[in-house]
Structures are given as structure tokens and as C-alpha cells.
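Working notes, structure below.
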Amino acid sequence: MAAPAMFYSPACLMTDNHFIEWFPCWMRGKCLGMSARTQTRLGLVCRRSASTAVTAPRTGFCEALEARTLFSWGAIPQLIHQDVAAQLYPGITGAGEVIVDIDSGVDFNHPSLAGQWWINPGEIPNNNKDDDGNGFVDDTRGWNFYDANSDATDAVGHGTQTTGIMAANPWVYPGNLGGDGADYQGIASGAKILPLKISTPSQASPEFDQHVGEALDYVLWLVKNHPEYRIVGVNLSLAAYSQQTFQQNEQSQVTQLHDLGVFVTASAGNTGDLSNVPYPANDPNVFAIGGINPDGALTAHTNRGPKIALLAPGNLVPILQKGSTYVTSGDGTSYAAPFVTAAAALVKQVNANLTPDGIMSVLQRSGGNTFDAASNRTYKRLDLSAAIALAYQELTGPTPFYGYPAPVPGILQAEAFDNGGEGFAYHDGDTVNTTGSFRSTGVDVERCSEKGFDVTLTAPGEWLAYSFNVSSAGTFDLQTRI
């Protein structure tokens, strides 16, 4: 897919790193101090570049909006630059992608979700037959594993909330409901949602994980038998009853889904643990998503630690509520996970060849940095416009270690393996853990007595993967030492 053309008028300089409100914008030879709302009213929008670090001043541009629909975006969309992404990449909406939400079901009658459901093309509605042979009768728009029927209607509200974050049509949060009057929409409003109902509010037992496992089996069947349905991701805003019940009911499925190219996320937990997350977020094939406040800091209750793949809004998030209404969320990583699941659909729309790890790599490398004193770690925070920009940028050719083979010109360095590039993954000149990409302790390649190199100070569960190209057929010796 070719990158969209952009037409730039005179440049703007933004000194506010988070692009909240004010910055000077040169236009028609004079400097105007304008808020984002004022610029919108004047038919202009000033936006930042996606290529600079979050700690540096960012450049932007003034663009004539002409006949575009103008939004007055809320604080949460601005925090993750959803507003910027919508203006710069209006065609990147997750169109053509399907997102699975394994949750409490959904309010099919909510006006902000009209037309957002995936309809099973292999099933004839209400004929009391299993037309597509998947073992489920009349599963035209999901399935209810809790009650074992085809009605995935939400009796709780949680599933409606997570679905709305991912794919809601544009909506305004009205003041009479305690809202700010601002505009919101799902992160991937062009995608379709497949709701799979697995719980009620009181469910906390091994049976819960049994239902989740059954839902994952359902997704696996679709992915294996109908890749043309383009199921891009699975959202798991939930925690397993225990590690044991997760391993018995769900672990095999998430591993297979990952290997088949499906991006699986889970909420990181709400106990405030500084180093651990629950399952399924703790599984190596599931991306754990932590929560942030509207000011960008980690929420009080989000779990932390090395398994956190990305941060996203998880507190005071305007959301849909069952009964065709709207509310503001409390503190919960259940709200953070669907932001990232839907973001994967946007990146996948740009580059359909990306693996789940490749998508997360784009999201991480384009994200802003957030330091958390409580856990003494720096985490990556979701930035939608920067992620889309990076995905377009890397369409031009393969880059090291993101799902593509590439030549390694020299010594492979472990300290910043997933960063790739000169001076990091190869031709590194020191024995210091320069970037601390994964943790604060050292990981490095050191010389060994056999005149080669060894990887040192890796943690349990870490692994390295190497690919080699040979010029001709033959027998080759590969020596390794463990």
C-alpha cells in the first residue's frame, strides 16, 4: 500500500511535547497564538511529526482542512494522538480487518455500534442449522459460551465498553451525562467486531477459563479454515482464574493463534503489582497492556514489570455503556488492552505482512516513553499517528529482526536486539547495556576463550533466533556453546 500524499503549508513549531493546546504557528507572514480548537474553526490543523523522541520539541505543519469533517477531540484521543492519525491518515481505520472481543458480550442495539459487527458469511441466519460446519448453529454474529447459544447480548456492560473502545462509530459525550461535549470514536472504527460471550460479573472459577478456552477454539477454527476472514486480533480484557486453569484451557490456543499471525492482547491486571502480571497476560504469546491516566502517568492500580509490552489509556476513559448510553471509566487495564488490540488492526491495514511481533515492534518503537518511579522502569506508550507513520515508512524494505530476513554485517549484539540497526544490534562497540530495552541489568555479547562470542546475563525464558543464508548447497558446521 502506498503512503498517502501530504501537502504542507508553512511549518509550525510545537514546544509542547504532548501536543495539548498552544503553540506558535506562522501563517501569512505573521505569528498567531491559536489553540487547537481555534485552528479547527479557522479551517487549519497543526500537527506534529511522528519521527522525533517524546522528550524533544516536535515539528509540525499547518494543513488546509477544506471540506473535511472537523472534530473537537477529547483529552484521551489527544493523549495517544488519535486526532492526529485521523487527520493525516483518514483511510487507515482498520477497514477489512476483524477483531475478536472475548468478554461479556455486547449491546447490539447501541447506536454508536450500528453496523460494526462481523457477520459470518458461512452461516444462514435463523435456519437452525450449522451451515459452515464449525459445530455452532446460527452463529451469525458471535456466540454465547456462557449460556451455550447464539445470543451474545451483553448483560453486564463490560464487553460493550471494550468493543466501543475498539470500533465505535463517532460519538459525542453529552454534558447531561457528565461528559465533556468532545468527540470520540473507536480506534479502528472501520474494523468489524466478532463478540464471543464468556462470562457474567460473578464468574470467577475454573469454569471461566473453560469458556475462554472454548471461545479461543472457535477463533482458531475460523483462522485455520477461513484466512480470508482476516481476523487480525483477539482482545482479552480479563484475568484467568489461575495459572493452572489457563494452561489447561487456553495456553495451546493462544500459542497457535500467535503462530498463525493473530495479535493477542490481555489486560495487565489491576492489583498494582510492581513486577508481575496475571495470565493470560503473562503468557509469552500474549501482549500485556498496562494503563495510564489522562496525564500520561501509570494508573494507581495497573500492574507493572518486564512483561508490560505497551501502555494505553486505562483510567477516566469515556466509553460506551449498555443501554445506549455513555459513561467515564474507572481505573482498569481492561480499558487499556482494547486500545492496543485495535491499534494492531491499523498497523496491519498498512502492512498486511507483519507478524504479531512485528506489529508490536512498530507500536513500541513509535511509542512515547513513560518513566514510572514505583517500578523504576521506562515503558512505551501508544502513539497512533506515529505507529501508522512508522508502518508506512517500513513498507519500503525489510529491517532487521522484525519478521524479515536481513544480512547481519558483523557481530550480533544482544543488548538492544529488537532495536536493530547500526551501533545497536551489530557493530556495537562496548560491553555496556546501553539502552536497557528489556530491563536495567546487563545483557551483552562478550568475547570467549574459543575466539568467538557469547551472550551473557540473559534471564530465564529469553531466547535468540538467527537465520543464515548460504550461497550453495553443501554440508556446514554450526558450533554453539550453552
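In sequence order, segment 314-322 has phi-based couplings of x, 7, 6, 9, x, 9, 6, 9, 4 Hz under the Karplus curve 6.51 cos²θ - 1.76 cosθ + 1.60, θ = phi - 60°, and Gly or Pro positions carry x. Distance check, please: which entries in LYS197/LYS307; LYS322/LYS348; LYS197/LYS224; LYS192/LYS348 exceed 24 angstrom between their Cα atoms? In this structure, LYS197/LYS307; LYS322/LYS348 lie more than 24 Å apart at Cα.
Across segment 80-168, the fraction of Cα-Cα pairs farther apart than 22 Å, rounded to a whole number, is 37%. Contact order for segment 224-340, expressed relative to its length and based on alpha carbon pairs under 8 Å spaced 6+ residues apart, stands at 25 percent.
Our coupling estimate for segment 370-377, obtained by passing each phi through the Karplus curve with A = 6.51, B = -1.76, C = 1.60 and θ = phi - 60°, is 10, 8, 10, 5, 4, 9, 6, 9 Hz, Gly and Pro reported as x.
Principal semi-axes of the equivalent ellipsoid, √(5λ) from the alpha carbon gyration tensor of segment 164-263, are 30, 20, 10 Å from largest down.
Each value in this text was obtained by applying a stated rule to the coordinates, not by laboratory testing. None of the values given here were measured: they were computed from a predicted structure.
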